[in-house]
1. Around Met134, which amide H atoms from residues at least 5 apart in sequence, or from another chain, sit under 5 Å from its own amide H, with H modelled in the peptide plane?
2. Using unit Cβ charges (K, R positive; D, E negative) and no other charged atoms, how large, in debye to the nearest 20, is the dipole of the chain about its Cα centre?
3. Using only the heavy atoms of the protein chains and a 1.4 Å probe, how would Thr218, Thr135 rank by accessible area, largest first?
4. At a probe size of 1.4 Å, how large is the accessible area of Lys128, to the nearest 10 Å²?
5. Using only the heavy atoms of the protein chains and a 1.4 Å probe, how would Arg103, Arg182 rank by accessible area, largest first?
6. Please report, ordered by residue number, every helix of the chain (full DSSP H runs) that is 18 Å or longer along its axis going by C-alpha atoms and whose mean Kyte-Doolittle hydropathy reaches 0.5.
7. Among Ile11, Ile24, Ile205, whose mean-square fluctuation peaks in a Gaussian network model of the chain (Cα, cutoff 10 Å)?
8. In square angstrom, rounded to the nearest 10, how much accessible surface does Tyr230 have for a 1.4 Å probe?
Amino acid sequence: QGLMAGKRGLILGVANNRSIAYGIAKACVDHGAEVALTYQGEAFKKRVEPLAEELGAHVVGHCDVTDPESLDTVFENVGKLWDRIDFVVHAIAFSDKEELTGRYVETTRENFLRTMDISVFSFTTIAKRAEPLMTNGGSMLTLTYYGAEKVMPHYNVMGVAKAALEASVRYLAVDLGAKGIRVNAISAGPIKTLAASGIGDFRYILKWNEYNAPLKRTVSPEEVGDSGLYLLSDLSRGVTGEVHHVDSGYHVVG
Ligand code: 0WD
């Protein structure tokens, strides 16, 4: 049994076992949830399937958020699997790594739009598709970063995207609140994942956090997972529209 007993959720953004989405999936499963995962293309399928097996999770198909048909299929598959869902986790972001270094002012229109599409709009369209399945209320969660609030070196267009994502959390919280659906974000401290490896000087950012965060260390996907558990479970039933920092306290000094 446990905190998440009887709850079912869709988790998007597991690329491998270091993914923040994996940390969240594991915490949910460990506390009794049933989860469904997606993968982005054949290359990730091979990584995600064994992880799903290990977690006892369902795999509901290929999902590329720039391809609405793949999202249609994923939600169709979820609807066939379960008559209702209780939570959704969105742990997806992308920007051309050439532009995650140097000056923000150099951002191209093409990469700006692509970054916003994959990292911001995707959460809104996923929320819209999840809403009819959340017939008993629910909890939606996305992942953001401090670069939304303050200028962080090299984060550039992704910082602008995360600011828009955080604003989306607030607007979605209002739209969906009357149905008992809560919408929150975790602002995670830097973690060495595949996505993070695209950010210029990432090792320096990790070190900077270790030296300066109140806890004098970085956070792990497991720690983000445990905080995610709070936001996805009924423990946080009075919380919506919130951006919760899981960053060893860095935001109070940075
Ligand atoms: O330091 C970090 N790692 C932080 C990450 C600090 C704060 C926030 N975050 C955020 C990220 O911006 C992202 O929103 O957490 C979220 C999850 O990222 P992650 O766990 O750091 O990275 P990763 O394990 O790489 O998972 C992100 C996945 C992709 O992996 P790749 O390696 O391809 O970027 O997002 C998925 C993909 O699986 N993804 C997509 N999924 C569907 N359609 C798409 C897409 N078009 N693009 C990327």
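1. When sequence neighbours closer than 5 places are left aside, the close amide H contacts are Ile85.
2. Numbers: 26 positive and 31 negative charges, 93 e Å.
Rounded to the nearest 20 debye, it is 440 debye.
3. Values: Thr218 40, Thr135 105 Å².
The ordering from most to least exposed comes out as Thr135, Thr218.
4. Number for this one is 150 Å².
5. Arg103, Arg182
6. On the way: long enough: 41-55 (20 Å, -0.67); 68-81 (20 Å, -0.19); 156-177 (32 Å, 0.79).
Those that pass (Cα extent of 18 Å or more, hydropathy at least 0.5) are 156-177.
7. Per the Cα network of the chain with a 10 Å cutoff, Ile205 tops the list.
8. Using a 1.4 Å probe on the heavy atoms, I get roughly 80 Å².
The values are calculated or read from the model by the stated rules, or taken from the named source; none is laboratory data. Only a predicted model underlies this, so the values are computations on that prediction, with no experimental measurement involved. Cβ sites come from the backbone with ideal geometry, for glycine too, and all protein chains shown count toward neighbours. Ligands, DNA and RNA are excluded from the accessible area calculation, which covers all protein heavy atoms including side chains. Shrake-Rupley method; radii C 1.70, N 1.55, O 1.52, S 1.80 Å.
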